Amino acid sequence: MIVLLTGGSSGIGAAAARLLAEAGMKVYAGSRRGTVETPMEGIVPVKLDVNDKDSLDKAVAGIIATEGRLDAVICNAGNGIYGPVEFTSEEDARYQMETCFFGTLKTIQACLPVFRRQNSGRIITVTSVMGVLQLPFQTFYSAAKAATLALTDGLAMELKGTGIQCCSILPGDVSTGFTAARRFSACPEGADNPYRAAMDVNLKKIEKDELSGMQPELIGKAILGQLRRRRMAARVTPRIDYKAVGLAVRLLPTRAKIDLISSIYQ
Ligand SMILES: NC(=O)c1ccc[n+]([C@@H]2O[C@H](COP(=O)([O-])OP(=O)(O)OC[C@H]3O[C@@H](n4cnc5c(N)ncnc54)[C@H](OP(=O)(O)O)[C@@H]3O)[C@@H](O)[C@H]2O)c1
């Protein structure tokens, strides 16, 4: 199987690239750095930026020139910003949507003509449980992931009857470079920022949960599992506790959900 994976230089993408290559797949691992964590046979590093359509088109054209086909794309590149709705600039909010949502869209659009010609292809988006569960000060990250979930589900419907399948993986907390790469909205200081105390307490909790979270290999295994299935699931939430969170969120009235999360986070 020939796979294009974005965000292959670190964390979930790096682990997935390793596992897929070990399983005999050929993985073109794209990122801005264009590096791989574990150089090995079966992983080809590709320099690309999901915000740059030309670099994606070039990567896909290169794969087709070499391999003659593309079997799957894993849209995994992403980042997070942290900050209150009131003070987050439009520029920062757009930065969040740019990579997680539009970057995924651009990646999919670069691959779809090939999948259509082949009448086959697998599209996996790496979203987040935060696409269905919002947390304070990560509202824009949640919005970007919710939009990406909607994109994946809507696309699956549009591709009905073709040989092209879509699936979204919804990880919970994973210990990766995501925590260190997080950006912060520029906020006023002192009494001008009434959110400061809550922001600091929540950030500590969030960082602790991420750094003590799942190993990225667990998400890589979920990706590999879907690539091996004849028919991919529409959504996969790895690990039973995060599955339970996802189910609770679906069953609870929104007011109860907001009250519950507000009692856990400041
Ligand atoms: N860690 C978590 O707790 C968690 C939970 C749920 C979902 N996720 C999602 O999982 C995905 C992978 O994140 P991770 O946790 O593995 O974080 P990570 O270790 O920071 O990896 C992020 C990857 O995305 C790449 N990337 C970022 N911007 C890019 C761009 N514009 N173009 C191409 N590549 C880009 C980075 O490479 P370069 O910097 O070299 O470009 C890196 O390889 C993200 O979509 C994230 O939202 C993470």
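The values are calculated or read from the model by the stated rules, or taken from the named source; none is laboratory data. Quantities reported herein were computed from a predicted structural model and do not represent experimental measurements. All Cβ positions, even for glycine, are placed from backbone atoms using ideal geometry, and neighbour counts span all protein chains on display. Side chains are part of the model used for accessible areas, which takes the heavy atoms of the whole protein and leaves out ligands, DNA and RNA. Shrake-Rupley method; radii C 1.70, N 1.55, O 1.52, S 1.80 Å.
Side notes on the structure shown:
- Contact annotation: residue pairs with Cβ atoms under 8 Å, 6 or more positions apart or on different chains, pairing a residue in segment 249-262 that is in a helix (DSSP H, G or I) with a partner that is surrounded by 11 or more Cβ atoms within 10 Å (Cβ to Cβ) and of a type outside the set (A, V, I, L, M, F, W, C), are Val249/Lys257; Ile261/Gln134; Ile261/Pro136; Ser262/Pro136.
- Filtering segment 94-129 to residues that are within 25 Å of Lys257 (Cβ to Cβ) and open to solvent by less than 20 Å² (accessible area, probe 1.4 Å) leaves Gln96, Cys100, Thr125, Val126, Thr127, Ser128, Val129.
- Positions within segment 115-142 being of a type outside the set (A, V, I, L, M), closer than 19 Å to Ile169 by Cβ and part of a helix (DSSP H, G or I), in sequence order: Phe115, Gly131, Tyr141, Ser142
- Among the residues making up segment 3-20, those that are more than 12 Å from the ligand (Cβ to nearest atom) and open to solvent by 10 Å² or more (accessible area, probe 1.4 Å) are Arg18, Leu19.
- The one condition in (1) out of contact with any Pro (no Cβ under 6 Å at 6 or more places or on another chain); (2) within 30 Å of Asn119 (Cα to Cα); (3) surrounded by 18 or more Cβ atoms within 10 Å (Cβ to Cβ) that Gly225 fails to fulfil: (3)
- Residue in segment 63-77 that is in contact with a strand residue (DSSP E or B) (Cβ under 9 Å, 6 or more places away or on another chain), open to solvent by 10 Å² or more (accessible area, probe 1.4 Å) and within 13 Å of the ligand (Cβ to nearest atom) present: yes
- Criterion applied to Lys204, Lys145 was being touching a helix residue (DSSP H, G or I) at 6+ places or on another chain (Cβ under 7 Å) and either open to solvent by 20 Å² or more (accessible area, probe 1.4 Å) or part of a helix (DSSP H, G or I) (or both), and the one residue passing it is Lys145.
- Pairs linking a residue in segment 23-45 that is of a type in the set (Gly, Ala, Ser) to a residue that is open to solvent by 60 Å² or more (accessible area, probe 1.4 Å), with Cβ atoms under 7 Å and 6 or more positions apart or on different chains, are Ala29/Pro45; Gly34/Pro45; Gly34/Lys47; Gly42/Lys26.
- Qualifying position, being within 10 Å of the ligand (Cβ to nearest atom), under 20 Å from the mean Cα position of the chain (by Cα), modelled with pLDDT of 95 or more and crowded, with 20+ Cβ neighbours inside 10 Å, among Gly34, Gly30: Gly30
- Only one entry of Thr107, Thr88 meets the criterion of being touching a residue at least 12 places away in the same chain (Cβ under 8 Å) and touching a Gly at 6+ places or on another chain (Cβ under 9 Å), and that entry is Thr107.
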